[in-house]
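Heads up, the thing below is written out as structure tokens.
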Amino acid sequence: MIANLTPQEGVVMAKTYETQREALKRKDRHAPSKPVTGLVQQINTLNQFHSTFRPMISKYKFPSAACGAFSIANSILLAKLLSERRKKAKGVDKAMSAEELEAIVAVLRSPAKVTPLVERVMKKISEDRAKYVAKHKKTAFTSKKAEDKYMQDWVANYEISDWFIKFSSSLLKKEGSDTATDDTDDACSAADMTNVHFLRYNQWPERNGSTFEEKERLVEEKVFGGEKTGDKVKVELEEGASRFIVESFVPERKLRRPEEWLAMKSEGKGKEGAKSPAEGARSHLSEVFLLDVNGHFVTSFSCHLEKKDKSITPCLVVINTTGASYISPGAPAAAYDLSFISPAPANPFAEGVEQIKAMGIQKTDQEISRALLSADGDISTAVAMLLS
């Protein structure tokens, strides 16, 4: 979709990948039966492993795989860029032209634009880790080897969450103030952060392998289910458990199931969502999703993309800072489906549901529909099943 830029000594990457959403066979319980036709496109920007960034990584004793810091920085930059674009269009999310996409990518491929934010993230996470080490030095970190291992471990989900929480809180407190602080310069505003979210796997099934703060913090994910332990991507989940969690930060920090996030968006401004090129579908555009892709972090945003032939397609643009492709039926497909919502299919048992509810049976529409399906539509049999 966009012109490949010439790499500058390997710092800037030019590779792009793209896949039709229908080709991604998503299997979790929140997957739509028929996703909206559209595109998931990955654009590689800065190479997080390039020697340019090694002094900064060494300075903060940061993990060499610095995707956590880069994905946060890119999310903040995207929040501002997309907000400015909406303001220029007087609040209308118009289709994004190839030229507009190139301009956004040019910023994310600029070391001068990205590096200061990356360093800010590294500094804060490093400081928080150092405080934890100092507090538990006599019990958990009795050797320099143990301390170094902790300081240079991969960034965890809760650390990304904490960074966004503190950043958003600082923006909210300083909103309307003429005095900027280290965390409240022109990076973005509190209003921009309303469209930034962290789409991550429910890690409660991995509680047995967690250590240090992560073990304590995982407790808040227990409500999302995951009785069996195992890999967060593959473990079999019980009915009602959620594979994904959507975390938002402004106006308040909130963890939601995907369906709860969609309900929240529907209750907000423009509750019908933007008009989608797909018949009957709704769209939530200019949403920024930092994605946990299991062992790596990327960021992404939703748009209606104008193709070369001037046709318009729903698109989730994934921004990555390594050479590999991370387009998958996991978090990228989930973010796409949160952005582009298929029209709800008609319930063939709608009349039967109303009849059973009129009898005073206190069950949800879904439970009644399920009973009717098992009973081949027979009201009496379905009622007996619901009352058993």
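The values are calculated or read from the model by the stated rules, or taken from the named source; none is laboratory data. Nothing here was measured: the structure is a model prediction, and the numbers come from that model. So basically every Cβ, Gly included, is an ideal-geometry build from the backbone, and we count neighbours across all protein chains shown. Accessible surface is based on the protein model in full, side chains and every heavy atom, while ligands, DNA and RNA are left aside. Shrake-Rupley method; radii C 1.70, N 1.55, O 1.52, S 1.80 Å.
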request  = Give a quick list of GluC sites (Glu not before Pro) in segment 1-103 that DSSP marks as loop, anything other than H, G, I, E or B, with at most 12 other Cβ atoms within 10 Å.
outcome  = Glu9
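Ordering Trp163, Trp204 from largest to smallest accessible area (1.4 angstrom probe), what's the sequence?
Details: Trp163 15, Trp204 40 Å².
I get Trp204, Trp163, largest accessible area first.
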request  = Find the centroid of the Cα atoms in segment 316-358 and in segment 195-268, then give the distance between the two in whole Å.
outcome  = 17 Å
query = Can you tell me the accessible area per residue over the chain, all protein chains present, probe 1.4 angstrom, in square angstrom?
reply = 49 Å²
task = Note down the nm distance, to one decimal, between modelled labels 7 Å out along Cα→Cβ at Val107 and at Arg370.
result = 4.5 nm
note = Between Ser328 and residues 5 or more places away or on another chain, the pairs with built amide H atoms under 5 Å apart involve Ala333
message = Given the -39500 (n - 2.57) contribution per DSSP H run of 4+ residues, what per-residue ellipticity at 222 nm results for the chain, rounded to the nearest 500 deg cm²/dmol?
response = -11500 deg cm²/dmol
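Pick out, in residue order, every one of the GluC sites (Glu not before Pro) in segment 191-273 that is DSSP loop and has at most 13 other C-beta atoms within 10 Å; say none if there are none.
Glu227, Glu236, Glu238, Glu239, Glu252, Glu272
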inquiry  = Please give me, ordered by residue number, the trypsin sites (Lys or Arg not before Pro) of segment 289-388 that lie in loop per DSSP and have at most 13 other Cβ atoms within 10 Å.
reply    = Lys308, Lys310
request  = Measure off, as a whole percent, the carbon and sulfur share of the 1.4 Å-probe accessible area of segment 75-196, all protein chains present.
outcome  = 54 percent
query = If you plug each phi of segment 228-234 into the Karplus form 6.51 cos²θ - 1.76 cosθ + 1.60 with θ = phi - 60°, what whole-Hz ³J(HN,Hα) values come out, in order, with x for Gly and Pro?
reply = 7, 9, x, 4, 4, 8, 10
query = Looking at (i) 130, 48, 46; (ii) 72, 59, 42; (iii) 109, 48, 39, which value of Cα extents along the principal axes in Å comes from a calculation on the structure shown?
reply = (ii)
query = Between Glu84 and Ser143, what is the label-to-label distance in nm when each label sits 7 Å out along the Cα-to-Cβ direction?
reply = 5.0 nm
query = If the chain between Ile165 and Ala324 were fully stretched, how many nm would it gain, using 0.36 nm times the residue separation less the Cα-Cα distance?
reply = 54.3 nm
remark   = Expressed in angstrom and rounded, the centroid-to-centroid distance over alpha carbons for segment 360-382 and segment 68-85 is 47 Å
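List the residue ranges in the chain for DSSP H helices whose C-alpha atoms run 27 angstrom or more along the long axis and whose Kyte-Doolittle average is -1.0 or above.
Details: long enough: 67-88 (31 Å, 0.20); 111-135 (36 Å, -0.50).
Membrane-span-like by this rule: 67-88, 111-135.
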